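The values are calculated or read from the model by the stated rules, or taken from the named source; none is laboratory data. What you are looking at is a predicted structure, and each value in this text was computed from that prediction instead of being measured. Please note: Cβ atoms are built from the backbone with ideal geometry, for glycine as well, and neighbour counts cover all protein chains shown.
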Amino acid sequence: MLLETLDSLIRAGIDALQTACGLSVTQAHVSLVGNGSLTFPALGELQIRNGTLQKVHLGCDTALMTRLASGADCPDGRSGLEVMANRVLSSLLEEMEGRRPRGVVENLSPAPIALHTRGQRTFGIRLETAGGRMFMLAEIPSKVEMEETNNGDAVSRLIGRYLPPDWMQRRELHSGMAIDNFLVLVRKIEADVFLGVSRGGEGLSLHSSLLLDHGTRCGQRALRLCVDLADSESGPIVRGDTVRASVGLQDRAFGFDLTFLEDDRHALSGGGSLPCAWFAVPDAVAVTQRRRSFRLPLASPLAIEIESDSGIPAASPWGDRTPVRGPVLHGLLSDLSFEGGRVVIPAGADGPMLEQGQMARCRIEIPGDLEPLVISAVVRRVTLSLADRNEWQREIGLEFSVDGSDDAAASARIRDLLMDLQRSRLAHRVHVLSDMTG
């Protein structure tokens, strides 16, 4: 689904440039966009329903903008900018999978805007022509995200088909067949594969990747992953280097070592391509719990405010480390553990708090308490997920940080709250069981 969607985006841009401007695309460039902030030369947004995308940011450079703005208006009164955006949308919808996808053009106002990207399945497309350049930026959901949103059981069926019946009780997948089946499952559901590249004793440089296919490279059975390691903070990666890979599935994490073989490119429409890398098939896959402490979903989510710690610079991968106090993000704490929680905020929310590694102060409203619970935290994860097929939401994974007596007291309150919730649920189950057997 992901590769097909990228091809559809490129073809839609090529068709729109040809029909609206009479321009031929000389080259298409596709890049993986990391987590962080960037300035985007916006033209407008495509808002889509019932398709494999929800939003596409359109942009163009000054040359193309001037060409569109100076062109004669269409007979129906629309400007060249509007015609271009609608051409891209209509061409995209013609090819898009889904249940009768439809869309509209929003925010048609040529101006640079600041965007925050999560760095997972986020792609930038640049189409070159003799009269200027068009840009597109989109986050493409995985098959597993789409299935979970549709409440489908396709992923459960695939898990039952490709993983051993007792996989959740195992500590390791070590047979060749079990590992091969696991890797086929990862490819079919387009699961995120996170690669940790060593930075020479200073931790790991984390990269999000996708498993595209299997094959043979350098005389070995190998995996081809869509990932750009050229900008790794650890410097260039060479053949024989080992990276640590992990895949999350339900409440288990699969960890394995991958040996780098060589770089590659995956061809796309319009002469574009994706950066890839080949790795040797692993010999073993460890199966562990994804979290160190149990997590409780909250039947009634708690209101939470998240504010950037003004004393610590935003850890931006774009190189901007200027201390910034961003706006307060308002969200709902949907589940909680002793060590952190998951916060849901609107998809349109923006700010430096949407960067991994950012320090934060959190204010959690607890019913019945006069004062909110205030605790420090680190943003460990920022993802975009589908609340339903047509509505997106952002999820922030927080890890609580106990830096002083105030945080220690807040941590104790969280522990008491979780234990009360656990006792309440256990008492409810006992009561229901008593009613059924009595």
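Structure above, values below:
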quantity: Per-region count, region 240-280, residues of a type in the set (A, V, I, L, M) and over 15 Å from Cys226 (Cα atoms); calculated: 2
quantity: Within region 239-258, considering residues that are closer than 15 Å to Arg217 by Cβ and modelled with pLDDT under 90, the one surrounded by the fewest Cβ atoms within 10 Å (Cβ to Cβ); calculated: Gly240
quantity: In region 208-226, the residues that are buried (at least 18 other Cβ atoms within 10 Å of the Cβ) and under 30 Å from Asp153 (Cβ atoms); calculated: Ser208, Ser209, Leu210, Leu211, Leu212, Leu223, Arg224, Leu225, Cys226
quantity: Single match in Val184, Val247, Val193 (criterion: under 22 Å from the mean Cα position of the chain (by Cα) and part of a helix (DSSP H, G or I)); calculated: Val184
quantity: Considering residues of region 22-36 that are touching a helix residue (DSSP H, G or I) at 6+ places or on another chain (Cβ under 8 Å) and surrounded by 21 or more Cβ atoms within 10 Å (Cβ to Cβ) only, the residue farthest from Pro141 (Cα to Cα); calculated: Val25
quantity: Qualifying positions in region 105-118 - out of contact with any Phe, Trp or Tyr (no Cβ under 6 Å at 6 or more places or on another chain) and either buried (at least 20 other Cβ atoms within 10 Å of the Cβ) or part of a strand (DSSP E or B) (or both); calculated: Val105, Glu106, Ala111, Pro112, Ala114, His116, Thr117, Arg118
quantity: Positions within region 196-232 being at pLDDT 85 or above and within 16 Å of Asp257 (Cβ to Cβ), in sequence order; calculated: Ser209, Leu211, Gln220, Arg221, Ala222, Leu223, Leu225, Val227
quantity: Tabulated pairs, region 137-163, first farther than 19 Å from Arg187 by Cβ, second at pLDDT 70 or above and aromatic (Phe, Trp, Tyr), C-beta under 9 angstrom, 6+ apart or interchain; calculated: Leu137/Phe40; Leu137/Phe123; Ala138/Phe123; Glu139/Phe123; Glu139/Trp392
quantity: Verdict on Pro367 being within 30 Å of Pro101 (Cβ to Cβ), surrounded by fewer than 17 Cβ atoms within 10 Å (Cβ to Cβ) and at pLDDT 75 or above; calculated: no
quantity: Condition met for Val184 (over 21 Å from Leu9 (Cβ atoms), in contact with a His (Cβ under 9 Å, 6 or more places away or on another chain) and not charged (D, E, K, R)); calculated: yes
quantity: Enumeration of residues in region 259-301 that are of a type in the set (Gly, Ala, Ser) and at pLDDT below 80; calculated: Ser293, Ala299
